[in-house]
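The values are calculated or read from the model by the stated rules, or taken from the named source; none is laboratory data. Since this is a predicted model, take the numbers as computed values, not measurements. Here the Cβ positions follow ideal geometry from the backbone for every residue, glycine too, while neighbour counts run over all protein chains shown.
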Amino acid sequence: MSGTSGGAPTGPALFSWEFATDPYPAYAWLREHAPVHRTRLPSGVEAWLVTRYADARQALADGRLSKNPEHHDEPAHARGRTGIPGERKAELMTHLLNIDPPDHTRLRRLVSKAFTPRRVAAFAPRVQQLTDRFIDDFAARGEADLIHEFAFPLPIYAICDLLGVPAEDQDDFRDWAGMMIRHGGGPRGGVARSVKKMRGYLVDLIHRKRADPGEDLISGLIRASDHGEHLTEGEAAAMAFILLFAGFETTVNLIGNGTFALLTHPEQRALLQGSLNDGTAGSTGLLSTAVEELLRYDGPVEMATWRFATEPLRLGGQDVERGDPVLVVLAAADRDPARFDRPDHLDLTRRDNPHLGYGHGIHYCLGAPLARLEGQTALATLLRRLPDLELAAAPEELRWRGGLIMRGLRTLPVRFTPR
């Protein structure tokens, strides 16, 4: 339900299936007429939607907007509906998406000691190996569903490898993650059960890693210390959980949305493809700027995760009361014509591109380097190995997963010359 009171013009309908397919016209209306807009979400929670770029950057870095759900003055009908289903009951709340300084500062510093750029860079060959493996599985058929056969399994098995989940257990993680993907926008019970199973497994795995540490990320989290402080068992389990939970679906959507954007903008796809095949050994051409533009144009995260006002504040001309939830609409901010030239135009050569796809401020996504690595590897390998890749369905026939935070396709049917 949308709209404004006091005789102001009524806005577009939000959160319908039509809106999920293409939310950008509605966001353009909100940016112009109601840039900080209070609305009732499908869950029943009332929240402020922030849609302009300048306001979004301010909100993402504003210390008065807490990440801790305890600051939400939630009514009974909306209780427990502002986070990941089941995380509270599973005692997985103490992760970076739910806490503020000084706890956030301490935990992020400890996790950063384990999740280093060097570790991500060293992981590049494994990401390439996984990418080729999944393409090998369908290359001879000449058709595939790129979500279920490629974009989904790649980041799941990659993050499992990085965390140190043994190969024989990784199919379980795929099943749990699949439940989250399928039901993220619908019934919460299935997601909560998957979260509970994942928590039990991670606690057991942490016990095993304490006794027999390796070079994986969970062992690194256990070893990480700062002035004698270590992650507690609960903190380590919560951090491993959120690295998995936040790390896989964003990359699924980056690969899926990015491929869809390229296939529906053939001139841009040809530009990128040509730059990857310019004859220079190891050339990545426009790959880096292309992925940044895909993140801006139709990114994997539609709204930043929840924030709650700890005191009354003014945002975009609106008075936000203490306890009010605030959702920064990254998808709207990244199409703001006040910041981006021709924002609704996909331009893989765009250089001035400070998009908010991975956030801003102290909560900037810790896993962004890994997601970029996976996105760049996946897209470049697809275009090189399947050069005549094309959609096997009309764009308007494709369906997008319902949900509040993430934006991603349910399926992406493609065809190509069998290899």
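Yes or no, residue by residue, for (1) outside any strand (DSSP E or B); (2) surrounded by 19 or more Cβ atoms within 10 Å (Cβ to Cβ); (3) at pLDDT below 95:
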residue	(1), (2), (3)
L370	yes, yes, yes
G375	yes, yes, no
A378	yes, yes, no
L383	yes, yes, no
P387	yes, no, no
L404	yes, yes, yes
P418	yes, no, no
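Selection of first residues in segment 348-362 that are in contact (Cβ under 8 Å) with a residue 12 or more places away in the chain and of second residues that are among the hydroxyl-bearing types (S, T, Y), restricted to Cβ pairs under 8 Å at least 6 apart or on distinct chains, gives the following pairs, ordered by first then second residue: L348/T289; T349/T289; R350/T289; R351/T289; N353/T289; L356/Y53; Y358/Y364; I362/T105. Give the residues of segment 63-102 that are over 21 Å from the mean Cα position of the chain (by Cα) and at pLDDT 85 or above, sorted by residue number. Across segment 63-102, the qualifying residues are G63, R64, P101, P102.
Would you confirm, using the coordinates I've provided, whether D132 is farther than 29 Å from A393 by Cβ, part of a helix (DSSP H, G or I) and either among the acidic types (D, E) or under 18 Å from the mean Cα position of the chain (by Cα) (or both)? It is false that D132 is farther than 29 Å from A393 by Cβ, part of a helix (DSSP H, G or I) and either among the acidic types (D, E) or under 18 Å from the mean Cα position of the chain (by Cα) (or both). Considering (1) under 14 Å from the mean Cα position of the chain (by Cα); (2) closer than 17 Å to I135 by Cβ; (3) among the hydroxyl-bearing types (S, T, Y), the lone condition that Y358 does not fulfil carries the number (2).
The number of residues in segment 344-360 that are over 20 Å from R372 (Cβ atoms) and in contact with a helix residue (DSSP H, G or I) (Cβ under 8 Å, 6 or more places away or on another chain) comes to 1. Among residues of segment 328-365 being touching a strand residue (DSSP E or B) at 6+ places or on another chain (Cβ under 9 Å) and among the aliphatic types (A, V, I, L, M), the one that is surrounded by the fewest Cβ atoms within 10 Å (Cβ to Cβ) is A331. Given the conditions (1) over 30 Å from F241 (Cα atoms); (2) in a loop (DSSP other than H, G, I, E, B); (3) of a type in the set (A, V, I, L, M); (4) touching a helix residue (DSSP H, G or I) at 6+ places or on another chain (Cβ under 8 Å), which single one is not true for L366? Of (1) over 30 Å from F241 (Cα atoms); (2) in a loop (DSSP other than H, G, I, E, B); (3) of a type in the set (A, V, I, L, M); (4) touching a helix residue (DSSP H, G or I) at 6+ places or on another chain (Cβ under 8 Å), only one is false for L366: (1).
Of the set (1) buried (at least 20 other Cβ atoms within 10 Å of the Cβ); (2) closer than 30 Å to A394 by Cα, all apply to L221 but (2).
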